[in-house]
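Okay, so here's the structure we're looking at.
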């Protein structure tokens, strides 16, 4: 049975901050949706009341909106909306700081082992991992196209760049969505919490091949990741695996 108040019922949650973002989305939906339904109910209620009064022969009344008994239908909802805004902003700022501003530290002596360079171009994703020397920008770097391998329960920092136009790095199961702006390097982080294979999307219209700009993220155990890395270094696997 579907739980309408659990987004992971429809889109799996596989990152450490996915639940926080789901909570924020549901909070906004409730604080906006309930007043909307109430307002629509009142609107149709007044329409039916006026329609009935007209059938009974009542004449229309001119209302200038200066009396409190009339203004309260605007003033009270206005105060309620302001209160809801404060609640939404409070939780939104917390999530924003956690996801967008505070990059959690990487393990000591890890070097660039958990740093990924992500380059977008029309119409593919290129990923660069540090090789066995744990340094990016060296001869043993591991490069893949449209396939990103990461370890489960490890914090990763990523560096986003674009070679041509505006793209958007989107991983729905992470609740991660970040524009990739030409001429800028944008940093971010994630921690995958469930093993599996999931979609990476470009969520920004980037040209005629936009709809084909899909990739996969493969979340695996430490042992499986080490095996993949060894095979890539030895040349056993092609660049798209």
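Values in this text are rule-based calculations from the coordinates and carry no lab data. All of these numbers come straight from a predicted model, not from anything done at the bench. Positions of Cβ are backbone-derived with ideal geometry, glycine not excepted, and every protein chain shown enters the neighbour counts.
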**Prompt:** Name the residues of the stretch 128-146 whose amide N is less than 20 Å from a point 7 angstrom out from the Cα of residue 164 along the C-beta direction?
**Reply:** 128, 144-146
**Item:** Convex hull projection area averaged over all views, the stretch 31-109, Cα basis, nm²
**Value:** 7.8
**Request:** Arrange the peptides 101-112, 54-65, 136-147 so that the one whose residues have, on average, the most other Cβ atoms within 10 Å appears first.
**Result:** 136-147, 101-112, 54-65
**Asked** On a 0 to 90 degree scale, rounded to 10, what angle separates helix 222-234 from the longest Cα axis of the chain?
**Response** 50
**Asked** In nanometres, what is the gap between the two model label sites at residue 97 and residue 145, each 7 Å from Cα along Cα-to-Cβ?
**Response** 4.4
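Return 124, 205 ranked ascending by Cβ neighbour count within 10 Å, so the fewest neighbours appear first. Before the final figure, lay out the partial values.
Details: 124 16, 205 12.
Ordered from fewest to most neighbouring Cβ atoms within 10 Å, 124, 205 come out as 205, 124.
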**Message:** Tell me the volume per residue, in Å³, of the convex hull enclosing the alpha carbons of the chain.
**Reply:** 197
**Item:** Angle in degrees between helix 68-96 and the longest Cα principal axis of the chain, rounded to the nearest 10
**Value:** 10
**Item:** Cut-off 20 Å (backbone N to label point 7 Å along Cα→Cβ of residue 32), residues of the stretch 176-215
**Value:** 176-179, 203-204
**Request:** Classify the stretch 201-241 as rounded, prolate or oblate, taking a ≥ b ≥ c as the square roots of the eigenvalues of its Cα gyration tensor: rounded when a/c is under 1.5, otherwise prolate if a/b is larger than b/c and oblate if not.
**Result:** oblate
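Exposure proxy check: 73, 228, 125 ranked by fewest other beta carbons within 10 Å? Mind dumping the intermediate values first?
Details: 73 13, 228 20, 125 24.
Fewest-to-most ranking of 73, 228, 125: 73, 228, 125.
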**Asked** How far is the Cα center of the stretch 183-210 from the Cα center of the stretch 216-237, in Å?
**Response** 20
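Using 0.36 nm per residue, how much length does the chain from residue 44 to residue 59 gain when fully extended, once their Cα-Cα distance is taken away? Walk me through the numbers before you get to the answer.
Working: separation 15, 0.36 × 15 = 5.40 nm, distance 1.93 nm.
Separation in residues times 0.36 nm, less the Cα-Cα distance, equals 3.5 nm.
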**Prompt:** Going by how many other beta carbons lie within 10 Å of each one, how would you line up 157, 68, fewest first?
**Reply:** 68, 157
**Asked** What is the helix-to-structure angle for 18-55, meaning the angle in degrees between its Cα long axis and the longest Cα principal axis of the chain, kept from 0 to 90 and rounded to the nearest 10?
**Response** 20
**Item:** Residue-span extension gain [residue 87 to residue 212] - 0.36 nm each, minus C-alpha spacing
**Value:** 41.1 nm
**Request:** Using label points projected 7 Å from each Cα along Cα→Cβ, tell me how many nm separate residue 185 and residue 66, to one decimal.
**Result:** 6.6
